Amino acid sequence: MNKIDGQLFRKMILNGAKNLKKHAEYVDSLNVFPVPDGDTGTNMKLSIVSGASEVENLTSNHVGEVGKHFSKGLLMGARGNSGVILSQLFRGFSKHVEELAEIDHHAFSEAFQAGVKTAYKAVMKPVEGTILTVAKDSGAKAEEVAKNETDIVKIMEAVLEEAKESLKRTPDLLSVLKEVGVVDSGGQGLVYVYEGFLKALKGEDVEETSSTSGEPVNTEEFVNDEHEFDEFMSVDDIEFGFCTEFMVRFGKDKKPFEETSFRNDMDKFGDSLLVINDDEIVKVHVHTDHPGEALSYGAEYGEIIKIKIENMREQFRALEAKREAKKKKEKIKTAIIAVSSGEGIDTLLKSIGVTHLISGGQTMNPSTEDIVNIIKDDDVEEVIIMPNNKNIIMAAEQAAELLDVEAVVIPTRSIPECVSAMFTFNGDASLEENKETMIDTMNQVKTGQVTYAVRDTKIDDVEIKKDEHMGIVDGKIISCNKDVKVTLENLLETMIDDDSEIVTIFTGEGSDEALVEALAEQFEESHDVEFEIHDGKQPVYSYLISVE
């Protein structure tokens, strides 16, 4: 194979996305720290699926055109550091081939190297032993092999083989991987993408595993949560008022399913019909004025297992009200976007000046597009973004570049850093002045966290047992104990020193109010510090601690 055209490149992308999606749970399991936030696989999967969806129905045979759509989808869907790096790898790859209708062995190998350069440039402090190293090593192999080999299949085989070998070497480059006994999760995700690429080049498909839930594994959710209504519509223009979705699990004693007749019968209930099925289940989406009749018909084939019915006329009225409210909105000088997790923390951040909240955190990293879209309906002059998690910083920086107003990122890694930085925000200062002051303030805060271990392991000489309470200070696990009181005491003793003045504790799911109050009283007497306690209601971490 000496050339790749647009449709073959499209097939490579879809296969790569499918293979990563298939193995995402395993990639999640490689998370180094035994906290319940192993989401590298999930982030990479959601990122590449966003890119793949942009090319899924693309008919262009121009490689550059396909790459441009793929890169855009990846960029907007990028979640977490791993997802952002993946988006940058293929941003560089696609940029290199954007003018080419077809690519030969030279352009193919050079594109890998272009992707590596773009990804390294995007990371402030590149760390070897990660997805970056796997991409760099395999990209170098592509260039080396292409000097004497014109067969693109053989070049891709060499790239995949080197990616796997590089992945095996990651524990030698990153000590924490060796200590825990895993390879880099992001690098493993990239290997799965390259496996999908090679299968496509060989004319093979990625086999999909059976879903444990019993749902069809090869169908995505096929409608948005909100319907799009034309700006010039009126409520009378909506012919069928209820968006009706349901799933039917076929029954042995029920009417036999035949797709064509089912589709023809269901079409009589309204319009916008979508029917997707496998051997066990059919998923239906239809706009109708009689959802009950559609459900009754579906029940003839088996058990109804999921139902969602939305009144589109009511949705339209709500959208109209939203549009009117938007027209009346006052201009916001500085929009402050913060990622938050927990109803109590949401309330606190709003009270100290945050204007826009995005739900997210350890187990749910918002994408670049989520951050961009949060202010799309508002009239703002400038933007400050506070990611509040180290795994969201890169997506925030990518969003700041995409916004059409001036924007800066305060690289907050925790809610305590965000809260402290917000107290120094000055509405009369310039964006750069606020950035400098807020970063300086956040760096003076110590952050502690208490969560539970999801497996047995050993990190930095700390023995960790599954389900015990871990104490973490600024990202480093310092203690683990089955008694949460012991963990909290160790955490506070480590964090509080002679210069400490204020200790703030945010209580979350699984916290004990009486225990916190007792410890606050104990440490106020012994360490001459003042305690503040807030009910953050945050998931994952039963206690968040700030020491200033």
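Every number in this text was worked out from the coordinates using simple rules, so none of it is lab data. Please read all numbers here as calculations on a predicted model, not as lab measurements. With ideal geometry, Cβ positions are generated from the backbone for all residues, glycine too; neighbour counts draw on all protein chains shown.
When restricted to Cα atoms, segment 271-321 yields an Rg and a Dmax of 13.2, 44 Å, respectively. Of all aspartates and glutamates in the structure, the ones whose alpha carbon falls short of 13 Å from that of residue 306, not counting any fewer than 8 places away in one chain, are 215, 221, 245.
Between residue 127 and residue 252, what is 0.36 nm times their sequence separation minus the Cα-Cα distance? Round to one decimal in nm. Intermediate results must be reported in sequence, preceding the final value.
Values: separation 125, 0.36 × 125 = 45.00 nm, distance 5.58 nm.
Full extension of this stretch gives 39.4 nm more.
Legend: translational diffusion of segment 438-527 by Stokes-Einstein, Rh = Kirkwood radius over C-alpha pairs, 20 °C, 1.002 mPa s; D = 152 µm²/s. Once all Cα-Cα distances of segment 235-316 are split into 10 Å bins that start at 0, what whole-number percent is in each one? The distribution over segment 235-316 is 19, 53, 22, 6, 0, given as percents.
Quick one: grab the alpha carbon gyration tensor of segment 75-192, order the square roots of its eigenvalues as a ≥ b ≥ c, and give me rounded if a/c is under 1.5, else prolate or oblate depending on whether a/b is larger than b/c. Numbers along the way, then the final one.
Values: a/c = 2.37, a/b = 1.38, b/c = 1.72.
Verdict is oblate for segment 75-192.
Radius of gyration over Kirkwood radius for segment 88-135, both on Cα atoms: the Rg/Rh ratio is 1.04.
Considering all C-alpha pairs of segment 386-444, those separated by over 15 Å amount to 48%.
Taking N as the residue count of segment 420-460, its C-alpha radius of gyration divided by 2.2 N^0.38 Å amounts to 1.88.
When the Cα gyration tensor is reduced to axis lengths a ≥ b ≥ c, the ratio a/c is 1.5 or higher for segment 252-400, and with a/b above b/c it is classed as prolate.
With the Cα gyration tensor of segment 329-442 giving a ≥ b ≥ c as the square roots of its eigenvalues, does the rule (a/c under 1.5 for rounded; else a/b larger than b/c for prolate; else oblate) give rounded, prolate or oblate?
rounded
Only aspartates and glutamates eight or more places from residue 390 in sequence, or on another chain, were considered; those with a Cα closer than 15 Å are 37, 39, 417, 474. Computed per residue of the chain from DSSP H runs no shorter than four, each worth -39500 (n - 2.57), the mean residue ellipticity at 222 nm is -15000 deg cm²/dmol. With 31 Å as the limit, the listed pairs 199/252; 45/168; 125/202 have 199/252; 125/202 beyond it between alpha carbons. Taking 0.36 nm per residue of separation and subtracting the Cα-Cα distance, full extension of the segment from residue 259 to residue 309 would add 15.7 nm.
Distance from the alpha carbon centroid of segment 399-438 to that of segment 58-114 works out to 32 angstrom.
Note on segment 401-548: Lys pairs 8 or more places apart or on different chains, Cα atoms under 18 Å apart, count 10. Here the residues 492, 274, 544, ranked from fewest to most Cβ neighbours within 10 Å of their Cβ, fall in the order 274, 492, 544.
Could you tell me what a quarter of the Cα convex hull surface of segment 393-548 works out to, in nm² with one decimal place?
Working: hull surface 42.9 nm².
Directional mean of the projected Cα hull area for segment 393-548 stands at 10.7 nm².
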